[in-house]
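Structure first, commentary second.
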């Protein structure tokens, strides 16, 4: 592959609950990345195309991207919508540039979790209508079943998972986009209201609204925009089986597979050593140890130990979620793209108080589906 | 518009998204659900290529895309692979909380399937415990024709 | 629609089985500052405002944050007045489930595209549903009829409909 | 000017028989039928596929992220994949995305599948859901709208209007004749001008037979890189170019008077591919025509016709199957409309015409270049240009 693609600008909104409309949220980000790069939507002179991530259920709107057309340059412009996690949109935008069809692509993702009265109402519709949906399953139930299976298989404790929550809140305090970070302890997590055992209230990401945008550009054009480039080094994704009992939920084979392919593309042999910082989508606390296993930061079943030993904390060998991550609030859909944006900030050295010093290679991860049925892994480098 | 404008003017209007859906079972699923309704039989399906017996049964093997039609009668007994006690309430749930869900691997199947657990003390639940299906008296060709699984 | 499907199932009975799952998702629609101001002005002052793009001059009601073609943030609020000219209309006869309520929407109903005196174009219901009558309305003056102030809630229905201005 | 990283060809085409109801299968099986047909057409096994691209409209069947469930039908298990949904254009956007994915060099053989099981949801309610919930959603009645024609019709005399209604009916009869020859089409019945003229009024001036049906069906395509394509088939259909033109959310009455996305999109495609006379340089056109009024209207927009030329072309039968510029030899969207698959069916049917494999509805004249359009969202347009000759 000859062509190289870089991230030239990123922007995020605050992650909070508010009364902004979807397009207004997205525009807050679009305005920032356009200002920063000096690009416009004028045909042939700036942004060639937009890839947006949103979902008809979350927006309660058929063809949810019609609502944001005016702010992403859809006025006689090209726009495509990825109806999955935002990391998938970054992945697709990257391929769109490699294809030669576009040189500069705007990527956005948005979601307002505060719009539906309950998030579970939406995720319940994610199950097949014959065998699972009538039983009242939703993402939270599925996550609890996975958490139990995982913790049982490898002897991971709730206390270990709670450490991921505490770490997220601690890191989140350094992130100006986070509004829900608190001083909490492992005991606070363990004593919070049990919703679906073994998952209690603080094990779950809080309700927030938010959007994220970034601009991807091919090498030559990217270099004209900024000197501080973040390159796409390796990308892949992978689907897993759908039914919860089709696989052993204690493992995440599709993540293993997606990560392997992305590492191969980026020329990474030892992720723990070679990757300096990771932002991963952990909607529930048990997912931090589980996903870090899948990503090969440690062996199977060793994710808890990784947290115990502080390998993934700030200053550790591979800080995971210096931004606080999804556990301190980052909505569905936006979550994956925000992970990419955070890694870009880290590699640009613009992450402020949450900066991992000297970060040169970073990993961003996004996931869709009740128990990680689809994982997307992106390796970025300076 | 600034944050001030947001705080001054913006609010929310209660509404809903309401649409009706109807999902046909299809000939394949119809076989499973009518056997369940009429004979209290739980059928799995075997993939001749992957040599796996699937529960829930499915007309196509997701791994090799083979058409599946080799029905296998499964036991109404199985092993619990995972479980959770749900303490929150949503309109789509089949019962008031606490609701216990489990993933159950029926004897004769290679995959687990999700269902409810009943007649069990939440404290006594453990992975690996043996459970058995309890059928409803009045069955309507629905997954809820199995009332729940109870410990043996 | 579901009733129609039920008849279909009966006809195909006993072979055709189906699972019916109605979606009833309560939501809190955010207005944002633009729609919020637009609706509050109707609620409190019975006044329709639009927003004008400072570059292309296009006036939009209900307002948007950004002009889609010029891509600049909109700032200039324009009073549009409560009367205007009916440009086109549409009469709906087909029954269907209203996704806003889950109930069947009452038909026939008519809505129009109205160019308000202040320059903007707005869509709303019309008080008349007879096509022959409405064909006479086209190009004529129409005015907004508001709900009584005490009944206004800050939503679409604060304007009841537009009706012909009697000459 | 677009310089594609590498050439991409359609090497497999699959579709289901489209019907109002398919209670005999679930969504997964429906998707699988098309996937299976495409694999068979390409003589490939699912193991040969590197990446799966999935699309439909979530609120038509009420499944949140249905690609998770459909893994069992589309074969994405342990493969890469993505899900693209853009309303009516979904099928077209899927082909664009899949073309980009293969052209990128990251994946060699890709499968895309679009489907809709319209019988499981409510089309009109579902489409109404695309409007602003705080305003236009209270008025919108799905795709059943008369306002868009009203402007054009407003300027007409009663006499002209009567002629137009007659031409609309004639066009519908012509498309029905095509659909009868397409075994996969949904509405396969001979119609007469009287049938159309006397059908039920939906939204003035739109009548029942002017409008597309609600279908259940799926379509799948397999795309491959140049190297692989030439090994897989001796009849690759090359995707020479595609253009997507969107427009912001419509406010009826505001955007009228500006250039249509159809014209804008076509202009861009023609400029990029040196097409100066579309009627001569393109052999057939598969148009996404949700109703015959738009079909007539958009002919002018897409093909840069002179005023009245569209009517004349239809009256003279030039767009019929045997005509010199056949449009919708498949019967078009007014005959078949499983929304998430509809736009992909346009590309699929155009590809079959280029291959010469359309069977009974194969155009008698030679087809070297075909164009396919997608329509959706707030008047969005996608155009695909397919060729028999490998692009340089």
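The values are calculated or read from the model by the stated rules, or taken from the named source; none is laboratory data. Everything numeric here is computed off the predicted structure, so don't read it as measured data. Neighbour counts are summed over all protein chains in view; Cβ atoms, including those assigned to glycine, are modelled from backbone coordinates with ideal geometry.
Of the listed requirements (1) under 27 Å from residue D:110 (Cα atoms); (2) in contact with a strand residue (DSSP E or B) (Cβ under 8 Å, 6 or more places away or on another chain); (3) in contact (Cβ under 8 Å) with a residue 60 or more places away in the chain, residue A:143 misses just one: (1).
Residues are listed down the side, and each one gets a yes or a no for (1) within 18 Å of residue D:94 (Cα to Cα); (2) touching a helix residue (DSSP H, G or I) at 6+ places or on another chain (Cβ under 8 Å):
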position: D:307; (1), (2): no, yes
position: D:353; (1), (2): no, no
position: D:364; (1), (2): no, no
position: D:386; (1), (2): yes, yes
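For the stretch A:183-198, the criterion of being crowded, with 24+ Cβ neighbours inside 10 Å, away from every other protein chain (no Cβ under 14 Å) and either part of a strand (DSSP E or B) or without any contact (Cβ under 8 Å) to a residue 60 or more places away in the chain (or both) is met by no residue. Counting only helices (runs of 4 or more DSSP H) wholly contained in the stretch D:7-109, the ones carrying 2 or more residues that are over 30 Å from residue D:187 (Cα atoms) and facing chain A (nearest Cβ under 8 Å) occupy D:90-103. Please work out which residue is surrounded by the most Cβ atoms within 10 Å (Cβ to Cβ), limiting yourself to the stretch D:270-282 and to residues that are in contact with a helix residue (DSSP H, G or I) (Cβ under 8 Å, 6 or more places away or on another chain) and outside any helix (DSSP H, G or I). Selected residue: D:275.
What's the total number of residues in the stretch B:97-152 that are closer than 21 Å to residue A:150 by Cα, assigned to a helix (DSSP H, G or I) and more than 9 Å from every other protein chain (Cβ to nearest Cβ)? Residues flagged as closer than 21 Å to residue A:150 by Cα, assigned to a helix (DSSP H, G or I) and more than 9 Å from every other protein chain (Cβ to nearest Cβ) within the stretch B:97-152 amount to 2.
Residues of the stretch A:266-273 include none that is at the interface with another protein chain (Cβ under 7 Å from one of its Cβ atoms) and either out of contact with any helix residue (DSSP H, G or I) (no Cβ under 7 Å at 6 or more places or on another chain) or over 20 Å from residue A:321 (Cβ atoms) (or both).
Scanning the stretch C:26-48 for residues that are in contact with a strand residue (DSSP E or B) (Cβ under 8 Å, 6 or more places away or on another chain), surrounded by fewer than 22 Cβ atoms within 10 Å (Cβ to Cβ) and in contact (Cβ under 8 Å) with a residue 24 or more places away in the chain turns up C:37, C:46, C:47. Each residue in the stretch B:71-95 was checked for being more than 9 Å from chain A (Cβ to nearest Cβ) and within 17 Å of the chain's Cα centre (by Cα), and 7 of them qualify. Filtering the stretch D:337-380 to residues that are on the phi < 0 side of the Ramachandran plot and assigned to a loop (DSSP other than H, G, I, E, B) leaves D:337, D:338, D:357, D:358, D:362, D:363, D:364, D:365, D:366, D:367, D:368, D:378.
Within the stretch D:216-232, is even one residue assigned to a helix (DSSP H, G or I), modelled with pLDDT of 90 or more and within 14 Å of another protein chain (Cβ to nearest Cβ)? Among the residues of the stretch D:216-232, at least one is assigned to a helix (DSSP H, G or I), modelled with pLDDT of 90 or more and within 14 Å of another protein chain (Cβ to nearest Cβ), which makes the answer yes. Candidates in the stretch A:245-265 are the residues that are buried (at least 22 other Cβ atoms within 10 Å of the Cβ) and not in a helix (DSSP H, G or I); of these, the one that is farthest from the other protein chains (Cβ to nearest Cβ) is A:252.
For the stretch C:83-99, a residue qualifies if it is more than 14 Å from chain B (Cβ to nearest Cβ) and assigned to a strand (DSSP E or B), and the qualifying residues are C:83, C:84, C:85, C:86, C:87, C:88, C:89, C:90, C:91, C:92. Of A:90, A:109, A:60, A:74, all but one fail to be at pLDDT below 95 and under 30 Å from residue D:265 (Cα atoms); the exception is A:74.
Here residue C:62 meets the list (1) facing another protein chain (nearest Cβ under 8 Å); (2) over 30 Å from residue D:26 (Cβ atoms); (3) modelled with pLDDT of 95 or more almost entirely, failing just condition (3).
Give the residue that is nearest to the other protein chains (Cβ to nearest Cβ), with candidates limited to residues of the stretch A:42-62 that are touching a residue at least 40 places away in the same chain (Cβ under 8 Å) and outside any loop (DSSP other than H, G, I, E, B). Here the residue is A:57.
Filter the stretch D:124-166 for residues that are modelled with pLDDT under 80, farther than 15 Å from residue D:293 by Cα and part of a helix (DSSP H, G or I) and give the result. Hit for the stretch D:124-166 is D:158, nothing else. Where strands (runs of 3 or more DSSP E) fall entirely within the stretch B:1-66, those with at least 3 residues that are surrounded by fewer than 23 Cβ atoms within 10 Å (Cβ to Cβ) and within 11 Å of chain C (Cβ to nearest Cβ) are at B:12-24.
Scanning the stretch A:102-137 for residues that are within 18 Å of residue D:59 (Cα to Cα), at the interface with chain B (Cβ under 7 Å from one of its Cβ atoms) and in a loop (DSSP other than H, G, I, E, B) yields A:118, A:129, A:130. Remark: residue C:102 matches the filter, which requires a residue to be over 22 Å from residue D:249 (Cβ atoms), within 11 Å of chain B (Cβ to nearest Cβ) and assigned to a loop (DSSP other than H, G, I, E, B).
Any residue in the stretch A:225-241 that is within 12 Å of chain B (Cβ to nearest Cβ), outside any strand (DSSP E or B) and crowded, with 24+ Cβ neighbours inside 10 Å?
Scanning the stretch A:225-241 turns up at least one residue that is within 12 Å of chain B (Cβ to nearest Cβ), outside any strand (DSSP E or B) and crowded, with 24+ Cβ neighbours inside 10 Å.
Considered as a group, the residues in the stretch A:63-85 that are more than 20 Å from the chain's Cα centre (by Cα), touching a residue at least 24 places away in the same chain (Cβ under 8 Å) and assigned to a loop (DSSP other than H, G, I, E, B) include one that is surrounded by the fewest Cβ atoms within 10 Å (Cβ to Cβ), and that residue is A:76. Can we say residue C:136 is more than 11 Å from every other protein chain (Cβ to nearest Cβ) and either on the phi < 0 side of the Ramachandran plot or part of a strand (DSSP E or B) (or both)? Judged against the criteria, residue C:136 is a match.
Per-residue answers, yes or no, for (1) within 18 Å of residue A:246 (Cα to Cα); (2) within 19 Å of the chain's Cα centre (by Cα):
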site: B:14; (1), (2): no, no
site: B:19; (1), (2): no, no
site: B:33; (1), (2): no, yes
site: B:43; (1), (2): yes, yes
site: B:47; (1), (2): yes, no
site: B:59; (1), (2): yes, yes
site: B:67; (1), (2): yes, no
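The set of residues in the stretch D:300-331 that are closer than 18 Å to residue D:369 by Cα, in contact (Cβ under 8 Å) with a residue 40 or more places away in the chain and surrounded by 19 or more Cβ atoms within 10 Å (Cβ to Cβ) comprises D:302, D:319, D:320, D:321, D:325, D:326, D:327, D:328, D:329, D:330. Evaluation of residue B:84 against the conditions (1) outside any loop (DSSP other than H, G, I, E, B); (2) without any contact (Cβ under 8 Å) to a residue 24 or more places away in the chain; (3) over 23 Å from residue A:241 (Cβ atoms) shows that the sole unmet condition is (3).
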